[in-house]
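Participant: Mind having a look at this structure? Questions to follow.
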Ligand SMILES: Cc1cc2nc3c(=O)[nH]c(=O)nc-3n(C[C@H](O)[C@H](O)[C@H](O)COP(=O)(O)OP(=O)(O)OC[C@H]3O[C@@H](n4cnc5c(N)ncnc54)[C@H](O)[C@@H]3O)c2cc1C
């Protein structure tokens with residue numbers, strides 16, 4: 001199709017971005033000075049997840065970021081390593097400095113977590129930068145329904161049929177995942193992947209609480225109790241706090257387990273720092289000897305049909321066995337709390353279908369996927385936003401280069 005024939009009847013953009021979330025807004029900030037860009041956002045506001053992330057304080061990144069903090073179905077580490085090396089924590093600090101965004105290190109729940117200060121909103125900073133630019137057209141309440149590639153140009157169709165037809169030289173899908181489904185979300189990325197024959201992994205809930213089999217229903221009586229524990233899942237060891245709830249288990253440790261768990265058993269260590277030999281001489285009750293809440297110990301003993309007992313040389317074997325079980329508690333979760341509670345979606349566009357340096361689809365020139373729409377999902381602790389910004393930056397820099405070369 002010849003661009004000249006289309007002019008005046010339609011809007012033609014250098015780049016159309018689908019989704020004004022974390023990655024789409026960051027990308028628009030990169031392109032805003034040089035290219036004619038349109039953003040289409042299904043929601044009435046931009047950055048609906050970004051605004052509530054980190055409980056409103058936005059856990060923007062992590063000091064100790066590495067490829068080990070990410071899950072990908074195809075285990076393609078190269079795209080993760082490459083992009084977090086290119087866009088390291090220094091780039092986050094530089095962004096904060098340039099935008100007068102204050103941050104703090106808050107490691108109460110997660111090592112190395114960097115949060116934005118409460119009173120400054122990252123979403124508004126990204127939005128204001130865009131609004132100042134004459135090159136960017138932000139279209140809220142515009143849901144992209146389909147895209148089509150006609151020769152070398154994309155046609156974008158959205159829900160508002162009264163608007164002009166929109167065409168784009170390049171399209172970036174920054175539509176996120178389908179978690180936290182009470183917010184407006186969509187699986188347009190998967191639909192586009194199907195249409196263009198791009199490999200993808202089905203979205204599944206992650207960073208979410210886990211539900212229990214009947215053998216673990218004793219956990220439910222501990223609703224509201226929180227403990228520090230360790231988990232072994234596949235070859236990974238995770239540590240953090242775990243919260244018992246009426247539905248199952250949650251808290252940072254469990255949310256991270258949910259990122260790596262698909263089915264089968266996990267091993268929990270409820271006594272990660274406990275060494276048995278220090279207390280063998282004690283004559284105290286078991287419930288006061290172990291560094292766990294008393295109601296936890298009593299509930300655990302009940303599952304063994306035992307009540308609390310004083311330690312003595314005749315029952316030391318039983319005690320040692322209990323400690324072993326508490327440090328190697330095998331169980332298979334029944335499932336998870338689902339998309340409505342999940343902070344992120346695992347899965348998305350197969351990274352083997354993307355250029356690792358630019359996020360362009362290998363089989364479709366000028367089509368890109370970034371952020372959570374891609375099959376790269378981080379642990380709790382700022383890794384998902386870092387990924388959204390890192391992928392947006394690699395994609396944005398390469399798009400700028402492409403247009404520079406063509407001038
Ligand atoms: C409660 C909560 C707290 C979180 N806290 C943190 C945190 O502190 N730190 C962290 O690193 N991560 C956090 N996350 C995860 C993080 O918010 C996401 O990983 C990140 O926002 C993903 O960025 P994205 O741009 O890929 O997608 P999103 O930010 O989800 O943006 C996608 C955008 O695309 C729009 N869209 C979708 N489909 C269409 C369509 N068809 N047409 C037009 N627009 C469309 C959506 O409305 C949305 O605005 C949290 C998530 C939740 C739910």
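Participant: May I ask for the angle, rounded to the nearest 10°, between helix 22-31 and the longest principal axis of the chain, with both axes built from Cα atoms and the value confined to 0 to 90°?
Facilitator: Taking Cα atoms only, the helix is inclined about 40 degrees.
Participant: OK, next. Any idea what angle helix 89-98 forms with the longest principal axis of the chain, computed on alpha-carbon atoms, 0 to 90 degrees, nearest 10?
Facilitator: 60
Participant: Determine the gain in length on full extension of the stretch residue 239-residue 151; use 0.36 nm per residue of separation and subtract their C-alpha separation, reporting nm with one decimal.
Facilitator: 26.5 nm
Participant: Also: As an exercise, find the ratio Rg/Rh for segment 261-407 from alpha-carbon atoms, using the Kirkwood inverse-distance average for Rh.
Facilitator: Here the Rg-to-Rh quotient is 1.29.
Participant: Further question: Please report the relative contact order for segment 210-336, taking Cα pairs under 8 Å with a sequence separation of at least 6, and give it as a percent rounded to a whole number.
Facilitator: 31
Participant: Report the calculated FRET efficiency for residue 52 and residue 267 (r = Cβ-Cβ distance, R0 = 30 Å), to the nearest 0.05. Intermediate results must be reported in sequence, preceding the final value.
Facilitator: Working: r = 33 Å, r/R0 = 1.10.
Approximately 0.35, to the nearest 0.05.
Participant: Still on this structure, please answer the following. What Kirkwood hydrodynamic radius do you get for segment 183-341 when you take the inverse of the mean 1/r over all pairs of distinct Cα atoms, in Å?
Facilitator: Value: 17.6 Å, from the Cα pair sum.
Participant: Further question on the same structure: Give me the distance between the Cα centres of segment 98-175 and segment 282-310, rounded to whole Å.
Facilitator: 53
Participant: Between residue 365 and residue 45, what is the FRET efficiency for a Förster distance of 30 Å, r being their Cβ-Cβ separation, to the nearest 0.05?
Facilitator: 0.35
Participant: Evaluate 2.2 N^0.38 Å with N set to the residue count of segment 315-382, then give the Cα radius of gyration divided by it.
Facilitator: 1.95
Participant: Something else: Take the Cα atoms of the chain, build their convex hull, and give its volume per residue in Å³.
Facilitator: Cα-based convex hull of the chain, divided per residue, equals 145 Å³.
Participant: Taking the highest mean first, how do the peptides 347-359, 378-390, 265-277 order by number of other beta carbon atoms within 10 angstrom per residue? Can you show the working numbers first?
Facilitator: Numbers: 347-359: 21.1, 378-390: 27.1, 265-277: 15.3.
Listed from highest to lowest mean packing, they are 378-390, 347-359, 265-277.
Participant: Using only the Cα atoms of segment 139-182, each taken as one equal point scatterer with no solvent, compute I(q) by the Debye sum, divide by I(0), and report log10 of the ratio at q = 0.23 Å⁻¹.
Facilitator: The Debye formula, applied to the Cα set alone, gives -0.90.
Participant: Another question about this same structure. Report the extension gain between residue 246 and residue 63 in nm, rounded to one decimal, defined as 0.36 nm multiplied by the number of residues separating them, less their alpha carbon distance.
Facilitator: Gain on extension, residue 246 to residue 63, equals 62.5 nm.
Participant: Still on this model: In segment 238-267, whose amide N lies under 12 Å from the spot 7 Å out along Cα-to-Cβ of residue 332? List them in ranges.
Facilitator: Label zone hits: 262-266.
Participant: For residue 321 and residue 191, what is the calculated FRET efficiency with R₀ set at 56 Å and r taken between the beta-carbons, to the nearest 0.05?
Facilitator: 0.55
No value in this document is a laboratory result; all are computed from the given coordinates. These numbers come from a predicted model, not from an experiment. We place every Cβ from the backbone using ideal geometry, glycine too, and count neighbours over all the protein chains shown.
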